[in-house]
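Please treat every number below as a calculation from the coordinates, not as lab data. Model, not experiment: these values are computed from the prediction. Because the Cβ atoms are built from the backbone with ideal geometry, glycine has one as well, and the counts that use them run over all protein chains shown.
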């Protein structure tokens with residue numbers, strides 16, 4: 001019988017099936033061996049809502065990374081419980097295959113981990129491996145506030161209860177203001193407003209005497225607010241913030257330097273067992289910092305580029321460790337506040 | 001200058017028309033909203049010029065608010081929490097064969113409310129931007145209480161059942177991590193509940209899925225005796241109804257302004273505005289006892305208010321660069337990617353964009369007139385569709401809608417659970433709206449109340465510490481007492497006669 005093109009025979013089907021199965025079985029390892037990761041889009045989990053600082057900066061990075069890695073990035077947002085929802089979901093329900101990453105607001109989310117009972121462990125389940133930048137924690141008032149300086153804020157706090165808006169209680173800003181109150185004898189009443197926008201509104205409209213958040217948020221509000229002081233001296237931000245003094249330099253205190261860092265994290269299992277994924281991602285993220293396109297991305301969205309700074313896994317491990325210790329030290333005080 | 005801006009915005013008609021049509025569709029499907037549609041279409045909004053992107057987003061946002069009311073009237077399924085109050089009278093009207101009338105009132109109120117709200121905000125922006133300085137947590141507690149008193153109104157029909165439903169709603173609303181310390185409450189370890197009971201699955205379950213069960217029993221939405229009314233309705237009737245509905249222009253105007261004011265407060269939103277507007281419209285109506293039985297004013301008030309919110313959310317965004325709601329926040333991010341920062345400086349740096357937001361909104365509402373009214377007659381026919389057609393359609397869209405906002409399979413199961421609860425509530429005479437009011441307003445009430453009490457370190461007298469707050473308290477008392485006074489006076493009149 002003459003065999004014609006396009007006719008499916010039993011033997012042909014078996015051959016094609018065997019070849020297909022072989023490709024399906026061995027292709028991933030072959031591709032891995034060839035260092036071809038990634039071969040498909042990478043999913044990014046963010047533990048805060050859409051439209052926040054984490055999304056803005058993550059997209060700046062992925063816009064640069066997509067050219068280097070040759071794949072696109074897809075975002076999913078799981079806000080809630082100070083980052084606990086996003087972290088639990090990432091740790092327990094996303095495949096540990098190198099195609100799922102976490103972009104993190106490190107400090108508040110680590111504080112949540114340290115002060116709550118969670119089903120994930122840091123760094124046992126999730127490892128932060130690349131810090132992308134950090135902005136100092138600052139305290140500020142609305143433009144119409146009678147409070148002009150950090151000293152005046154503390155003096156007011158010695159005469160009466162001063163209300164301070166904060167995003168949430170488990171937050172580096174809260175720890176900063178509680179430390180300042182403890183060191184100076186001022187009476188600060190921390191009020192959680194559940195997010196950057198309502199917190200800023202509280203200070204601007206005078207519902208609270210002041211607010212404590214990241215410099216990035218305060219800077220973005222322009223002349224609507226007046227920054228009184230910073231919990232981490234950051235010369236690179238000084239011009240934009242109006243040269244506010246460092247809290248420790250004003251009061252001679254030794255409050256830990258506080259900032260809100262952002263960075264990339266992945267499943268610890270992937271980090272330990274898939275070195276090719278680890279190397280490829282670390283190299284690409286590291287290279288992004290030297291790419292002028294990254295700065296252009298930040299400028300395009302009017303987000304301060306000054307705080308953008310690479311930190312490797314050792315830097316991240318230090319942040320995680322120090323923040324956990326700090327949060328556990330202040331855990332009771334946060335609850336009592 | 002303004003005339004030129006209107007003409008300029010109008011030149012983007014090719015963006016507005018698809019945005020209006022899309023906005024109506026996504027607004028009408030529970031779970032799909034302007035916010036998540038803008039996110040899905042992010043690549044599109046980033047690829048066009050900034051003005052086109054802005055006009056597209058504004059048109060989509062405005063149109064989706066109108067779209068929310070359509071399924072609320074036709075099949076008792078509000079597209080979002082903001083349209084839940086519309087079901088109270090819209091659906092009874094549909095059951096009585098007056099779906100076309102209800103839809104026309106919905107469209108007129110939405111368009112009129114949107115136009116009034118946009119004009120009001122455009123002209124009064126400097127003054128309105130100061131409103132936020134006076135509306136703090138204390139004032140919000142009272143405003144939310146206005147909405148919560150609607151439970152009492154519903155309970156008036158059956159006190160025990162109404163209050164029980166409201167209480168159950170408040171309890172369900174308390175599930176999730178607490179607002180102050182982020183401690184989980186009644187979540188049973190389910191992370192899907194850490195952020196509270198999600199509104200969309202609750203809404204879909206209580207209204208859509210329970211309605212599906214009821215439809216299976218009844219066969220269709222419209223009662224048999226009113227079938228002829230629906231079938232015999234004519235296209236020309238729409239214009240007569242428009243004329244009729246415009247007689248309620250004053251009600252639409254002041255309820256739209258309620259929406260604008262509530263919209264200014266970040267985090268408040270259309271749900272509170274619609275419930276407050278409905279409650280107020282009922283209080284000041286000459287026939288309050290008819291509310292809930294299918295009166296057009298019960299459709300007009302919440303629809304005008306939730307479209308007023310659209311303009312209100314722009315006030316903090318334009319005045320200080322802080323978004324008033326989730327859609328506004330996403331619009332802000334999109335514009336950031338275009339290198340545009342929203343805020344007061346935009347009026348100086350890019351006036352065509354700053355004013356363009358308002359002119360685009362205004363023109364969008366005008367454009368809805370030729371686009372929406374001709375459809376009212378055909379839309380009203382949905383109420384005559386047999387259950388075997390409606391049930392699978394509603395189930396497919398709503399279960400998908402339950403999944404979309406958070407992409408959790410859990411939410412589809414939750415919607416079904418709420419559906420069973422809603423069905424049982426209806427069969428036993430409990431009002432699902434009272435339940436929903438508790439679920440929507442309970443967490444907001446807790447949040448603002450806890451914040452106020454925390455500011456005062458637990459002193460309750462903070463609730464009576466502000467002038468505006470005290471004025472609102474007086475209004476609240478008047479609102480609660482007025483119906484009884486009027487009823488008493490009416491009784492005396494009857495006795496005297």
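Taking Cα atoms only, the orientation of helix A:10-33 departs from the longest principal axis of chain A by about 30 degrees. What do you get for the angle between helix A:150-159 and the principal long axis of chain A? Use alpha-carbon atoms, 0 to 90 degrees, nearest ten. Approximately 60 degrees, to the nearest ten. Relative protection proxy for B:378-388, B:97-107, B:431-441, B:329-339, from highest mean packing down: B:97-107, B:431-441, B:329-339, B:378-388 (other beta-carbon atoms within 10 angstrom). Within segment B:400-455, all pairs of alpha-carbon atoms sorted by distance into 5 Å bins from zero give the percentages 4, 17, 15, 17, 19, 13, 9, 5, 1.
Summed over all non-identical Cα pairs, the Kirkwood treatment of segment A:183-250 gives a radius of 12.9 Å. Normalise the Debye intensity by I(0) for chain A, one equal point scatterer per Cα, no solvent, then take log10 at q = 0.07, 0.08, 0.11, 0.15 Å⁻¹ and round to two decimals. At q = 0.07, 0.08, 0.11, 0.15 Å⁻¹ the computed log10 ratios are -0.34, -0.43, -0.72, -1.21.
Only beta bridges with both residues in the protein assembly as shown are counted; by DSSP, about 60 percent of them are antiparallel. Extension gain for residue B:393-residue B:491 works out to 30.4 nm (0.36 nm per residue, less the C-alpha to C-alpha distance).
Of B:140, B:412, the sequence from fewest to most neighbouring Cβ atoms within 10 angstrom is B:412, B:140. Looking at the square roots a ≥ b ≥ c of the eigenvalues of the Cα gyration tensor of segment B:143-191, which shape do they give, rounded for a/c under 1.5, prolate if a/b is larger than b/c, or oblate? Judged from the Cα gyration tensor, segment B:143-191 comes out oblate (a/c at least 1.5, b/c at or above a/b).
Note on segment A:277-319: Rg/Rh from C-alpha atoms, Kirkwood Rh, equals 1.03. In this label model, residue A:269 and residue A:310 are separated by 3.0 nm, measuring between points 7 Å along each Cα→Cβ vector. From least to most packed, judged by other beta carbons within 10 angstrom and beginning with the fewest, B:291, B:347, B:207 follow the order B:347, B:291, B:207. By its C-alpha gyration tensor, with a ≥ b ≥ c as the square roots of the eigenvalues, how is chain B shaped: rounded for a/c under 1.5, else prolate for a/b larger than b/c, else oblate? Here chain B falls in the rounded category. Considering the protein assembly as shown, its Cα convex hull presents a mean projected area of 41.9 nm².
In the protein assembly as shown, the calculated helix contribution to ellipticity at 222 nm averages -20500 deg cm²/dmol per residue, counting -39,500 (n - 2.57) for every DSSP H run with n ≥ 4. Here each label is just a point 7 Å from Cα along the line to Cβ, and for residue A:328 and residue B:481 those points are 5.9 nm apart. Neighbour counting of Cβ atoms within 10 Å sorts the residues B:181, B:91, fewest neighbours leading, into B:181, B:91. In percent, rounded to a whole number, the relative contact order of chain B is 29, using alpha-carbon pairs under 8 Å and six or more apart. Using alpha-carbon positions, what is the distance between the centroids of segment A:318-337 and segment B:435-497, in Å? The distance from the Cα centre of segment A:318-337 to that of segment B:435-497 comes to 41 Å. Take each residue in A:192-202, count the other chain C-beta atoms within 10 Å of its C-beta, and the mean is 6.
Using Cα-Cα distances under 8 Å and only pairs 6 or more residues apart, what relative contact order does chain A have, in percent? Relative contact order here is 24 percent. The DSSP beta bridges internal to segment A:76-221 are antiparallel in roughly 35% of cases. Over the C-alpha trace of segment A:136-251, radius of gyration and Dmax come out as 12.3, 35 angstrom.
Summarising the label geometry, the points placed 7 Å from Cα in the beta-carbon direction at residue A:66 and residue B:130 lie 4.6 nm from one another. With a/c under 1.5 counting as rounded, go ahead and sort segment B:169-305 into rounded, prolate or oblate using the C-alpha gyration tensor (a ≥ b ≥ c being the square roots of the eigenvalues; past the cut-off, prolate if a/b is larger than b/c, else oblate). Cα axes put segment B:169-305 in the oblate bin. Across segment B:277-326, the fraction of Cα-Cα pairs farther apart than 16 Å, rounded to a whole number, is 50%. Packing around the peptides A:183-195, A:248-260, A:50-62, B:71-83, taken as the average count of other Cβ atoms within 10 Å per residue, puts them in this order, highest first: B:71-83, A:50-62, A:183-195, A:248-260. Most tightly packed first, judged by the mean number of other beta-carbon atoms within 10 Å of their residues, the peptides B:455-464, A:274-283, B:164-173 read B:164-173, A:274-283, B:455-464. As a ratio to 2.2 N^0.38 Å, the alpha-carbon radius of gyration for segment A:209-337 is 1.28.
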